[in-house]
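First up is the structure itself, then whatever we jot down about it.
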Amino acid sequence: MNATIQTTNFAASATRVRPCPLCGGLDREVQARRDGWEIVRCARCEMVFLGSELAYDEQAKNHDWVEEHTKELEQRRAKQPVMLFLSRCTRWLRPEPTERLVAQTLRWARSGKLVDFGCGDGQRTSREKIFEGPVTEVAERDLPEGAFDVVTQFGYIEHEWHPLAGLRAAHRVLKPGGLTIVKTPNYASWNRHIRGMNWCGYHVPAHCNYFTPRTLDKILRATGFEPLPRPLADRLPTSDSLWMAARKS
Ligand SMILES: [Zn+2]
């Protein structure tokens, strides 16, 4: 009698369909493909995002973010999304290489208590405290409500699988009238059209959200912010970075 043993090789399919992170919609059009991932555009709200997602523990298990990140860093000086740090405004950043971040922050806020979501390499000076972990969890657990004048988010929101939750967390910790200042790759940039998949804003799957000025405006409004008028220099489609400041309304 022959016994049969079946073995099955299966690629642990740890991904699942990801609803639109802005409106929750499921209708989408594929914009691009890379490494088995699809970058899709929501048919309802125009949000561009990775159309499937990993559970957070799967991310930690199967994707060595630090290693992956180090590779990206070498190429593009990308930043890790899983850190928060607090500081008093104006003294916390080195003049280089972050002078643009300082200038953008000072344009909108010159003093007060600041928290930076994500992006930290932990090397900035004059910080008071650093928290590590998923931003949304850390903010909920460790940051008091209504305590901050400014939340900076430089290179965070494009990494956040739940950007609504990330922005709600920013909203919660801000004082009434407080500001958030966001920097993220500009999916509407001319360069993205010209360079296709070689565009510097594509980091798959590290960047799971790809904002245009319109969709960033929408998601800020959806989370209780009033976007502020953008200076001309920030509105040029030649810029690969999308900057937006918004007030807690
Ligand atoms: Zn949508």
Check your understanding: Taking a probe of 1.4 Å, how large is the accessible area per residue of region 113-226, in Å²?
Key -> 37
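If I take R0 = 25 Å and measure r between the Cβ atoms of Arg110 and Lys175 in this structure, what FRET efficiency does the formula 1/(1 + (r/R0)^6) give, to the nearest 0.05? Could you put the intermediate results ahead of the total?
Values: r = 15 Å, r/R0 = 0.62.
After rounding to 0.05, the efficiency reads 0.95.
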Review point. Tell me, in nm to one decimal, what length is gained between Glu128 and Arg235 on full extension, where the rule is 0.36 nm per residue of separation less the Cα-Cα distance?
Key: 35.2 nm
Check your understanding: Among the listed pairs Lys129/Lys248; Lys175/Lys248; Lys218/Lys248; Lys113/Lys248, which are separated by more than 18 Å between their Cα atoms?
Key -> Lys129/Lys248
Point to revise | Backbone N within region 22-36 under 20 Å of label point (7 Å from Asn198 Cα along the Cβ vector) | key: 32-35
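Packing-wise, with mean Cβ within 10 Å as the measure, how do 25-33, 182-190 rank, highest first? Walk me through the numbers before you get to the answer.
Working: 25-33: 13.4, 182-190: 22.6.
Averaged packing, sorted descending, gives the order 182-190, 25-33.
With +1 on each Lys and Arg Cβ and -1 on each Asp and Glu Cβ, and nothing else charged, work out how big the dipole of region 147-226 is about its Cα centre, in Debye to the nearest 20. All intermediate terms of the calculation are to be shown ahead of the outcome.
Details: 9 positive and 5 negative charges, 24 e Å.
For region 147-226, the charge dipole is close to 120 debye.
If the chain between Leu228 and Gln31 were fully stretched, how many nm would it gain, using 0.36 nm times the residue separation less the Cα-Cα distance? Numbers along the way, then the final one.
On the way: separation 197, 0.36 × 197 = 70.92 nm, distance 2.96 nm.
Extra length available between Leu228 and Gln31 comes to 68.0 nm.
Counting DSSP beta bridges with both partners in region 93-249, what percentage is antiparallel, nearest 5?
On the way: 10 of 19 bridges.
Close to 55 percent.
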Review point. Arranged from highest to lowest average of other beta-carbon atoms within 10 Å per residue, in what order do the peptides 230-238, 106-114 appear?
Key: 106-114, 230-238
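The values are calculated or read from the model by the stated rules, or taken from the named source; none is laboratory data. All values reported here derive from a predicted model rather than from experimental measurement. Using ideal geometry, Cβ is built from the backbone for each residue, glycine included, and neighbour counts are taken over all protein chains shown. Remember, those area values only see protein heavy atoms, side chains included, never the ligands or the DNA or RNA. Shrake-Rupley method; radii C 1.70, N 1.55, O 1.52, S 1.80 Å.
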